[in-house]
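The structure appears below as structure tokens.
The values are calculated or read from the model by the stated rules, or taken from the named source; none is laboratory data. Note that the structure is predicted; figures quoted are calculated from it, not measured. Backbone-built Cβ (ideal geometry, glycine too); neighbour counts: all protein chains shown.
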Ligand SMILES: [Zn+2]
């Protein structure tokens with residue numbers, strides 16, 4: 001399960017307990033970067049392609065406490081991860 005933020009001006013996605021910010025979007029493809037990219041130089045990325053997601057690179061920090069109230073749960077298919 002993946003969670004999308006409701007705010008249009010600040011698109012975000014939560015997957016596997018981590019939050020990602022939109023970096024690049026092209027039709028049904030989007031690339032997201034870990035919210036901690038500037039804080040801890042985290043390299044973790046998430047790609048969404050339609051209903052599929054890929055998680056790339058491990059996080060170098062603990063997952064944040066996430067408030068799921070303003071997030072929309074969405075069923076997505078995990079294609080690949082090297083983040084375990
Ligand atoms: Zn991270």
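Computed values, structure above
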quantity	calculated
The one condition in (1) surrounded by fewer than 10 Cβ atoms within 10 Å (Cβ to Cβ); (2) touching a helix residue (DSSP H, G or I) at 6+ places or on another chain (Cβ under 9 Å); (3) not in a loop (DSSP other than H, G, I, E, B) that residue 7 fails to fulfil	(3)
Counted residues, the range 51-80 - those being in contact with a strand residue (DSSP E or B) (Cβ under 8 Å, 6 or more places away or on another chain) and without any contact (Cβ under 8 Å) to a residue 40 or more places away in the chain	9
Boolean, residue 43 is within 13 Å of the ligand (Cβ to nearest atom) and either at positive phi or assigned to a loop (DSSP other than H, G, I, E, B) (or both)	yes
Qualifying residue in the range 36-43 (condition: within 19 Å of residue 6 (Cβ to Cβ), at pLDDT 95 or above and in contact with a strand residue (DSSP E or B) (Cβ under 6 Å, 6 or more places away or on another chain))	no
